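To keep things clear, I will list the structure first and then write my remarks on it.
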Amino acid sequence: MPASISATIWRTAIFDIASVAQHVCLSPSRLSHLFRQQLGISVLSWREDQRISQAKLLLSTTRMPIATVGRNVGFDDQLYFSRVFKKCTGASPSEFRAGCE
């Protein structure tokens, strides 16, 4: 995975596999295949993992409001961010933060 994708693309709220594929000079189907082959997960699952990992870091190291954390990691809707965060971690963002204190 090129570092430029890893460092920035997962933050984009509108995540288009075709655009990512074009960025790395692959077809969308080839990118998806290589991603799953190399990482064992889909491109979209990887993006979600990246966003949640960064959100966990921000929640545990800053007092940034939860809505701002969500926006900073690519979720425009706080409710959706909270739902995805809870699905991935088993705790809401506020519960996760409280457990870090």
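If you take the square roots of the eigenvalues of the alpha-carbon gyration tensor of the range 60-101 and sort them as a ≥ b ≥ c, do you get rounded (a/c under 1.5), prolate (a/b over b/c) or oblate? Oblate shape, in that a/c is at least 1.5 and b/c is the bigger or equal ratio. Rounded to the nearest 20 debye, the dipole magnitude of the chain is 80 debye, with +1 charges on Lys and Arg beta carbons, -1 on Asp and Glu beta carbons, and the Cα centre as origin. Here the relative contact order of the chain, from alpha carbon pairs under 8 Å that lie six or more residues apart, stands at 22 percent.
When Lys and Arg each count +1 and Asp and Glu each count -1, what net charge do the other residues less than 14 Å away from residue 63, Cβ to Cβ, add up to? It would help to have the intermediate numbers written out before the result.
Details: positive: 97; negative: 101.
Taking every other residue near residue 63 into account, the sum is 0.
Bear in mind these aren't lab numbers, they're just calculated from the coordinates by the rules spelled out. Because the structure is a prediction, the values reported are computed rather than measured. Here the Cβ is made from the backbone with ideal geometry for all residues, glycine too, and neighbour counts use every protein chain on show.
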